[in-house]
Structures are given as C-alpha cells and as structure tokens.
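Here the structure comes first, spelled out in structure tokens, and everything after it is commentary.
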C-alpha cells in the first residue's frame, strides 16, 4: 500500500483517526478542568495528533496537560507532556525538552522515560559537544539507581550503546580502552561532577523560558 505524504499508510491513518475520535469522546465526558484523568486523555490525544501531523493542536493539548500535571505534582505525567511537546516541533519545543529533562533527572521518574528524554538531548546536541556525553552517561546513572532487576539489564544495554555511540561521534572512540580514556578525560565517572555540568546544558536548552520555579519544586523532592 502506498504511503501518504506524512509517512502513514492509509490504513494506519484511518486507525489513528478512529483512536482520536474515541479519545476525544472520552475527553468530552470527563468533568473538571484540571483533573489528571483529563490531562492523561489530553496527552493520549496529543500523541495521536503528532502521528497525524497535526502538531500545533498537539502542542496546545500537551501544554495544558503539563500545567495540570505540575499542579498535581504528577512528575511522570509532566515529563511525558514535555516529551510530546518536544515531538510537536513548535517554536518552544526545545525549551520544553530542557524542562522535561530537568524534571526527569530531578524526580524519581521511570528510567525508560528519563532515557528517552536524555536521548533527545543527544539528538539535538552537536557531535563534538560535551553535552551529548553528559546526557548519555546520565542515562546510565539514572538506570543504575532507579531500574528494578527486571528492567536493569535491558536498559543498561541501551545506555551503554548510547554512550558508545556518542563517544564514537565525539572523538572517534572505537574500543573499550579508548572509551575508558575518553570517560576519564571528560570526567564522566563521578555524578557529583557530571550532573552539575548536565544542569548547565539543560539551562542552555531551556533558556529563559522556564515554566516553573525550580527551587520551589526542589522543596517537593521526596526524602
């Protein structure tokens, strides 16, 4: 079957449009302007709209869902909203990525979602910039402290592959010995060193567009 211009086959497009209609009907039945039930439906719809290349509509829904998630301290949902906002490719999508990464690293968000956000940073970072290296090594750090036994092996493999890929494009690293030397040179072994440097990268990504007070949110961290 021939692909449509947006990359979806006709049957795939019909399927997404059917899902969209069903989710929109569910959304209409949800009462309350800023409940998490409503926000999660908005995110579901926004994801479908991204697939259908209706990205401005997706942005508007995901942005509203983000505000609701933040209000309810639903950090996972807030990061998922940022993930969708990044994929909408709107003018503020890159700052949204930065804010999503900050939330994902700061709060105990699912490691696979944190990995996805940090991988976006690698995608957006120039090959020879240290920012990609900091993002990649942070994926491994987050996986080590958050992943359960069932997840750890597979997620660690993803993280290690990401680190190797970044090292290859950054400094043409091709073997383990060179990788070890590269990590030592860039000081990528101590989280007390690489996390503050990643924070500087995130600040550069988000710029002056922060939608929340980071100091106020830090006070909400679980002890």
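The values are calculated or read from the model by the stated rules, or taken from the named source; none is laboratory data. What you are looking at is a predicted structure, and each value in this text was computed from that prediction instead of being measured. Don't worry about glycine lacking a Cβ; one is built from the backbone with ideal geometry, like all the others, and counts go over all protein chains shown.
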From the option list 62, 58, 39, 92, single residue qualifying as touching a residue at least 24 places away in the same chain (Cβ under 8 Å), closer than 25 Å to residue 222 by Cα and either touching a helix residue (DSSP H, G or I) at 6+ places or on another chain (Cβ under 9 Å) or assigned by TED's automatic domain parsing to the domain that holds residue 111 (or both) is 39
Can you tell me which residue is surrounded by the most Cβ atoms within 10 Å (Cβ to Cβ) among those in segment 192-215 that are at pLDDT 95 or above and more than 20 Å from the chain's Cα centre (by Cα)? 193
For residue 68, all conditions in the list (1) in contact with a helix residue (DSSP H, G or I) (Cβ under 6 Å, 6 or more places away or on another chain); (2) under 25 Å from residue 214 (Cα atoms); (3) touching a residue at least 40 places away in the same chain (Cβ under 8 Å) hold save one; what is the number of the exception? (3)
Which one of 79, 101 is within 22 Å of residue 215 (Cα to Cα), part of a helix (DSSP H, G or I) and assigned by TED's automatic domain parsing to the domain that holds residue 138? 101
Residue check: is residue 34 under 19 Å from residue 79 (Cβ atoms), modelled with pLDDT under 95, assigned by TED's automatic domain parsing to the domain that holds residue 82 and surrounded by fewer than 19 Cβ atoms within 10 Å (Cβ to Cβ)? yes
